[in-house]
Amino acid sequence: MRLRTDDDIYRARLVYLGPPGYTLPVHLPYAQYGLFILLVPLYMFIHWLFTLQVELFPAWEIALAIVTTSFVFRYVDPDRPARMVIRTALTDWRRTREPAAEQRDPRLVGSRIRIREELA
Amino acid sequence: MSRSSTPGSPAGHQAAPHGNRARSFDYPQAGELDDASLDPALAATPGHGGVGVFQAPRPPQRRAAPTEPAPAAPSTRDGADIDSPFLDLFGGAYARPGSAQRGNALPARALPQQAAPAGPAPATHRPTPAAVPAQPSRPAPGTPTARPAEKAGPSTPPAPARVSPPAGDRLPNARPPADDHPTRDTRPAGDTRPARDEAVPVGATTRTSRQAAAPATRATTPPRQRSVDRPTKPVRVRPPKIKFGDRDPAVELAITEIAGHLTFTPNTVTAWYWLPEVRWAFRPDAEREALLSAISEQYAGLAGFRLHLRRTTRPFPADEWARTIDTNTASPLPDVPGTPGWADHLVAAQRHLLSVNHAEGQTYLGVTFARRSLGDSLTERLLRTFGRGVAEGERRKLGRTVEQFDEVLGAFGMRGRRVTAQELEWLLYRSVALCMAPPGALSPITDGRWERGDLLALTEQVERYRTPYGSTVKLVNRMTGEERHVAVLAVGRMEPLEIPERHEPWLHFHERLPWPMELSTRVDILGSGDSFRNLEHRLRMIRSQQLDYAEHGIDAPPELERLAKRALVIGDEMTTGLPVDSARAHGWHRIAVGGRTREECLERARRLIQLYSRELRVSLQHPKNQDWLAREFIPGEPVANTGYVRRMPVHLLAAALPQAASTVGDRRGDLIGRTAGTCRRPVFLDLHFPMEVRERSGLAVFVAEPGGGKSTLLGALGYLAARRGVQVTLLDPSGPLARLCAMPELRPYSRVLNLTGSEHGTLAPYSLIPTPLRSEFGAGAAGDREFEIAVSNARAERRMLVQDICMMLVPPQVAREASTATLFRHAVRQVPAEESSTLDDVVSCLGQLDDDAGRELANLLLDTAEMPLAMLFFGRPPDGLLGPDAALTVITMAGLRLPDLKIEREYWSAEEALALPMLHTAHRLAVRRCYGGSMSSRKLVGLDEAHFMEGWRSGRSFLVRLARDSRKWNLAALVASQNPRDILGLDVQNLVSTVFVGRIAEDAEIASEALRLLRVPVDDGYEATLASLSTADATSASRLGFREFVMRDVDGRVQKVRVDVSYVDGLLDHLDTTPAAIAAAAGVLPTVLPDMEA
């Protein structure tokens, strides 16, 4: 029996080519635009925290968001969703190599589980 | 340093709490020490106790201790606060700290020793776990010495008083009472907790967890402790607010209750099933496909549910096996002083079993089938406070719904059964303590002491450590000090697989590697509707992308079209095919690999990845965030992340088959080796199992090319059976097995009969066939009748044998003439076919015939009788030739030249021609001995070179009789031959219960006949398997250290087996049949044993 996964269908690269009639010079996956759109207000908010004013054209924020997006998507592939990459980056941002010291994780304790032999 | 600063501190008997506390931060250094201390030689040195001595912080000395153990002791002792060498003289005061240490180290040393004399059962698990407990104490002293060194620097002796508080807090119970600063009295927590903790090391859950957290706060706030230093105002010292820099040190599992085979989390209910192992190797492809499609139908029947497939392992219960074999051995061979006795023999076998690390797989399938309403979980929470758990109404309701799964899963295919609560506990523990050794004394089947909940309580002891972007998770058992690094790999891209035909099941495949691994698969089964909708959505996205490209006037990448087409085909299959074809499994598959060190773990992971990519074209990925992934193995915990989701038809999921296994043999016989196919399991063989339990015949057949290891295996089985008190007779024409009798433990109970030097009449054919006794048959008329039939059968057999022997003795040209057969038949008819008749009677009868031909035949027979070897056939057998007394009898024909059966008989020399009847009669002689004793006593007879039986009527009747009598006489018969055709040609394969086929590479025809003997499908490529058995590595110059066979046991299981009896001291040396070894052994081991012949 020849058995194969359906993964390649889900692995198709879907990119945004641009609005109708105008093709963008770079074709990026939809997810990148999504992340970019989320990041711009975030950076604007951070900017506001420092300066307490909102700029009309957030040039810096857009630039930073572009850089961040491309950085994040360098690690993204069909098997490694962006959500996971970002989450890993947020939890593990301190180091990029294996350090000598570990950090203790909470123990997972099952001693409070109730046990009965029979269901009913 | 602070731990054992005063001799009175009870450092010794609380190994576990010490280890617990000090483990958390400076662990790596401690880990190194651990590795060194794993060496039992180092652990046992008395100097090791030195670590417990109070001293100013001096890390370098600590380092020196493991490398040069002996001098380490004085050096640490010198560093004691009272600097006197004479203190050693007053053991009472001084020795405490050291003895404390030794108290920990002692079990490690003592247990293995005690194991040896302790007899079979108790020796089993002890050695391994026992070596561990020495650990926890060691890192503990290491930590305090190292830490303060950084902090206090080159502090003067008063420093300890100042430095000790932090360390003392971390190791509160070891803190010297005398040291107690007045300031510390204001901190009740630090002082009172440890005392209670000592008393209740396991039970006090919250308290211990709190304490484990304490080091975190301390370590992060060193400056504050500096300020504490100043002993000016006690008021300034506030009780430290316990702030957790770390997260909560203990987290409850998501599962809140286990009820029967259901587990409850706040939101879901999961029903768990146990999937028994299924046989995979050497089955016909049609059977395998039927199995896979049955399983995939079962999966498809679970559409809409989320499944959790878990495979864990259990170390082989060697002690249980030893107990079984000991019970089954009524009277083992009496021990010979100075040699390993029966108990030692069993202990050696168990050691061997443990050292090769066999693990048995256990597969669990969880079906998450119910969402719990808010009301339900609130009710549960409420009832929990009253100690009652999930409401009865809910449970009863679930009990009804869950029955549908019993029906689906219990059918052919998975044949799942409900798990018990204990098994779920075991699974939970194994999942929390991923890849760690199971609790030492737990031998899961025979245990009686593990009460409900005990195993779950043990999860408290397992600490987890992560590193940012780390590639492993570290798990530490605080109780045993065991440390494990675990890497979790996710199944990435998979290329198409051809499962029954070319590839192994893809989640069974990892068992090729010799260490145990754990599997966790979480899948959502989508029914046809869901999966079609899912696919259609994807198809629309692809189409829209294509449209986009068209609108923009750009060429779309060709893959889009290809994928769209594929989606269309699959969609078509889904809509028109059976539900099984349309059901899809979307989910995550992970494999956890463990190792003692991070390097070992990563190396194992690397090998696993390599194996999968090379052989199965599955790319295993090693993602980050290992701690989440490791957590995913625990039932009820959430999926770690959505990455590496594999979407596949349920057929492919079914073909993962993690429950596949390759067991063979019974579990009550001697250890003869391990399976060598897709996984490693110990193989036990009790040759009396077919007769005593399965009520089958005890005929076992060995087929291999010369050099395939037949004789060695025969000898090994004979030895092992003799150890168990079985009466063993081995016929070995070429003679090397005679050296078995020289083994010291067998020597008093064995003897060698060399036929070439025996007396006249030893092989007299008439007496070789015993007359049945009336007592062997039942009482009454029916018994009488049976007895008469048996007596006349014996007579007929005697006549047949004598005719055949006569035909063999005359030259082949004469034998071919028709009159010869007639005359022999006539003469044999004249002679009464009783045991007392002889061949001389036949000769004289022939001589008295008034026929020239008859006289000529008589003369021919007399001519042969002049040869010394032929004299064995004439005359009467000497009395008491083979009594039933000796445990092991080896019959040899040393010096006899065996003819080549491929050459015509005419060209055989006279000696070769004589070898044929000798072998025939010798086979009879070997079996004859077994009819001497009681019918029910266990007997074993091993016959080598049985291919000489082929082509003679008496040969077939011999084997048939052997097979038939084997049950009645409890006689295990091992027949070795070079060609399976002998057995097939004799048409006795239905009576054969056990088959061993060794390497057959030369002749494809022989190979396919061997497969027929094994009842394995021919022309399925298994011939290549036979040819590849015991393949020597062409690059190595040394001899092959093992032999492989394909074995078929009485239950029809077929498996590749690697024979390994190296655990029996000296057995292989005595069995070595290679010329060099024989020559080398000539001085030591007697090749011919005249002195031992009876």
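Take the residues of segment B:619-649 that are within 10 Å of another protein chain (Cβ to nearest Cβ) and of a type in the set (A, V, I, L, M, F, W, C): which is farthest from B:L489 (Cα to Cα)?
Restricting to residues being within 10 Å of another protein chain (Cβ to nearest Cβ) and of a type in the set (A, V, I, L, M, F, W, C), the top hit is B:M648.
State all residues of segment B:305-356 that are among the small types (G, A, S), surrounded by fewer than 20 Cβ atoms within 10 Å (Cβ to Cβ) and closer than 21 Å to B:R1058 by Cβ; if no residue qualifies, say none. Walk me through it before giving the result.
Just the residues of segment B:305-356 that are among the small types (G, A, S), to begin with: B:318, B:322, B:330-331, B:338, B:341, B:343, B:348-349, B:355.
Those still in the list that are surrounded by fewer than 20 Cβ atoms within 10 Å (Cβ to Cβ) too: B:330-331, B:338, B:341, B:343, B:348, B:355.
Listed by number, the residues that qualify are B:A348, B:S355.
Within the bounds of segment B:569-590, is there any residue that is within 10 Å of chain A (Cβ to nearest Cβ) and under 24 Å from A:T88 (Cα atoms)?
Scanning segment B:569-590, I find at least one residue that is within 10 Å of chain A (Cβ to nearest Cβ) and under 24 Å from A:T88 (Cα atoms), so the answer is yes.
Kindly list the number of the only condition in (1) within 12 Å of chain A (Cβ to nearest Cβ); (2) at pLDDT 90 or above that fails for B:G453.
(2)
Any idea which of (1) part of a helix (DSSP H, G or I); (2) at the interface with another protein chain (Cβ under 10 Å from one of its Cβ atoms); (3) among the β-branched types (V, I, T) is the one A:I46 doesn't satisfy?
It is condition (2) that A:I46 fails.
Which condition breaks for B:G245 when tested against (1) within 14 Å of another protein chain (Cβ to nearest Cβ); (2) at pLDDT 90 or above; (3) exposed (fewer than 14 other Cβ atoms within 10 Å of the Cβ)?
(2)
State all residues of segment B:291-329 that are part of a helix (DSSP H, G or I) and among the β-branched types (V, I, T); if no residue qualifies, say none. Reasoning before the result, please.
To start, the set of residues in segment B:291-329 that are part of a helix (DSSP H, G or I) comprises B:291-301, B:318-328.
If the condition is that a residue be part of a helix (DSSP H, G or I) and among the β-branched types (V, I, T), then B:I295, B:T324, B:I325, B:T327 are the ones that fit.
State all residues of segment B:267-281 that are at pLDDT below 90 and of a type outside the set (K, R); if no residue qualifies, say none. If you could, list the steps in order and put the result at the bottom.
Restricting attention to segment B:267-281, the residues satisfying the condition of being at pLDDT below 90 are B:279-281.
Answer for segment B:267-281, where residues must be at pLDDT below 90 and of a type outside the set (K, R): B:W280, B:A281.
Yes or no: B:E559 assigned to a helix (DSSP H, G or I), facing chain A (nearest Cβ under 10 Å) and surrounded by fewer than 22 Cβ atoms within 10 Å (Cβ to Cβ)?
Numbers: assigned to a helix (DSSP H, G or I): yes; facing chain A (nearest Cβ under 10 Å): yes; surrounded by fewer than 22 Cβ atoms within 10 Å (Cβ to Cβ): yes.
Here the answer is yes, as B:E559 does meet what is asked.
The rows are residues; the columns are (1) within 14 Å of chain B (Cβ to nearest Cβ); (2) modelled with pLDDT of 80 or more; (3) over 29 Å from B:T265 (Cβ atoms); (4) part of a loop (DSSP other than H, G, I, E, B).
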site	(1), (2), (3), (4)
A:A63	no, yes, yes, no
A:I66	no, yes, yes, no
A:S70	no, yes, yes, no
A:R87	yes, yes, no, no
A:R95	yes, no, yes, yes
A:S111	yes, yes, no, yes
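Find all pairs meeting these conditions: Cβ atoms under 8 angstrom apart; at least six residues apart or on different chains; first residue within segment B:497-516 and more than 17 Å from B:L620 (Cβ to Cβ); second residue in a loop (DSSP other than H, G, I, E, B) and of a type in the set (D, E, K, R).
Hits for this filter: B:P514/B:R680.
Considering segment B:632-644 alone, what residues qualify as being in contact with a strand residue (DSSP E or B) (Cβ under 7 Å, 6 or more places away or on another chain) and either within 15 Å of B:L309 (Cα to Cα) or of a type in the set (S, T, N, Q) (or both)? Step through it out loud before you land on a result.
Kept after step one, since they are in contact with a strand residue (DSSP E or B) (Cβ under 7 Å, 6 or more places away or on another chain), are these residues of segment B:632-644: B:632-636, B:639, B:643-644.
Within segment B:632-644, B:E632, B:F633, B:I634, B:P635, B:G636, B:V639 qualify.
Would you pick out the residues in segment B:496-525 that are within 11 Å of chain A (Cβ to nearest Cβ) and either assigned to a helix (DSSP H, G or I) or touching a helix residue (DSSP H, G or I) at 6+ places or on another chain (Cβ under 8 Å) (or both)?
Answer for segment B:496-525, where residues must be within 11 Å of chain A (Cβ to nearest Cβ) and either assigned to a helix (DSSP H, G or I) or touching a helix residue (DSSP H, G or I) at 6+ places or on another chain (Cβ under 8 Å) (or both): B:L497, B:I499, B:P500, B:E501, B:H503, B:W506.
Mind checking whether some residue in segment B:1009-1022 is assigned to a strand (DSSP E or B) and among the hydroxyl-bearing types (S, T, Y)?
Within segment B:1009-1022, the subset assigned to a strand (DSSP E or B) is none.
No, segment B:1009-1022 has no match at all.
Restricting attention to segment A:1-22, and to residues there that are of a type in the set (S, T, Y) and buried (at least 16 other Cβ atoms within 10 Å of the Cβ), which single residue is nearest to the other protein chains (Cβ to nearest Cβ)?
So the first thing to find is which residues in segment A:1-22 are of a type in the set (S, T, Y), and the list is A:5, A:10, A:16, A:22.
With the extra rule that they be buried (at least 16 other Cβ atoms within 10 Å of the Cβ), the set shrinks to A:5, A:10, A:16.
On the way: A:T5: 4, A:Y10: 6, A:Y16: 8 Å.
The qualifying residue nearest to the other protein chains (Cβ to nearest Cβ) is A:T5.
Just one of B:G942, B:G875 is at pLDDT 80 or above and at positive phi; which is it?
Going through B:G942, B:G875 in turn, the sole match is B:G875.
For segment B:1039-1087: of the residues being small (G, A, S), out of contact with any helix residue (DSSP H, G or I) (no Cβ under 9 Å at 6 or more places or on another chain) and modelled with pLDDT of 75 or more, which is farthest from B:H345 (Cα to Cα)?
This residue is B:G1052.
Give the residues of segment B:460-473 that are touching a residue at least 40 places away in the same chain (Cβ under 8 Å), facing another protein chain (nearest Cβ under 7 Å) and crowded, with 21+ Cβ neighbours inside 10 Å, sorted by residue number.
Of everything in segment B:460-473, those that are touching a residue at least 40 places away in the same chain (Cβ under 8 Å), facing another protein chain (nearest Cβ under 7 Å) and crowded, with 21+ Cβ neighbours inside 10 Å turn out to be B:E460, B:E463, B:R464, B:Y465, B:G470.
Kindly provide the set of residues from segment B:350-364 that are hydrophobic (A, V, I, L, M, F, W, C) and in contact with a strand residue (DSSP E or B) (Cβ under 7 Å, 6 or more places away or on another chain), ordered by number.
To start, the set of residues in segment B:350-364 that are hydrophobic (A, V, I, L, M, F, W, C) comprises B:353-354, B:356, B:359.
The answer is B:L353, B:V356, B:A359.
Inside segment B:354-379, can you point out the residues that are assigned to a strand (DSSP E or B) and closer than 30 Å to B:R680 by Cβ? Spell out the reasoning first.
Taking segment B:354-379 first, the residues assigned to a strand (DSSP E or B) are B:359-371.
Result: B:A359, B:E360, B:G361, B:Q362, B:T363, B:Y364, B:L365, B:G366.
Under 6 Å between Cβ atoms, at least 6 apart or on separate chains: pull out the pairs that start in segment B:329-343 with a residue that is closer than 13 Å to B:Y749 by Cβ and end on any residue that is of a type in the set (A, V, I, L, M, F, W, C).
B:P332/B:W342; B:L333/B:A887
Confirm whether B:Q404 is in a helix (DSSP H, G or I) and more than 14 Å from chain A (Cβ to nearest Cβ).
yes
Kindly indicate the residue of segment B:924-952 that is touching an Asp or Glu at 6+ places or on another chain (Cβ under 9 Å) and part of a helix (DSSP H, G or I) and also nearest to B:A764 (Cα to Cα) among those meeting that condition.
Filtering segment B:924-952 for residues that are touching an Asp or Glu at 6+ places or on another chain (Cβ under 9 Å) and part of a helix (DSSP H, G or I), the one nearest to B:A764 (Cα to Cα) comes out as B:V927.
Of all residues in segment B:474-486, count the ones that are part of a strand (DSSP E or B) and more than 7 Å from every other protein chain (Cβ to nearest Cβ). Write out each step before concluding.
First, the residues of segment B:474-486 that are part of a strand (DSSP E or B): B:474-477, B:483-486.
Then keep just the ones that are more than 7 Å from every other protein chain (Cβ to nearest Cβ); that gives B:475-477, B:483-486.
Here the count works out to 7.
Just wondering, is there one or more residues in segment B:380-400 that are more than 14 Å from every other protein chain (Cβ to nearest Cβ) and assigned to a loop (DSSP other than H, G, I, E, B)? I'd like the intermediate steps shown before the answer.
Step one: list which residues in segment B:380-400 are more than 14 Å from every other protein chain (Cβ to nearest Cβ), which gives none.
No, that holds for no residue.
The values are calculated or read from the model by the stated rules, or taken from the named source; none is laboratory data. None of these values were measured; they are calculated from a predicted model. Virtual Cβ from ideal backbone geometry, glycine too; neighbours counted across all protein chains shown.
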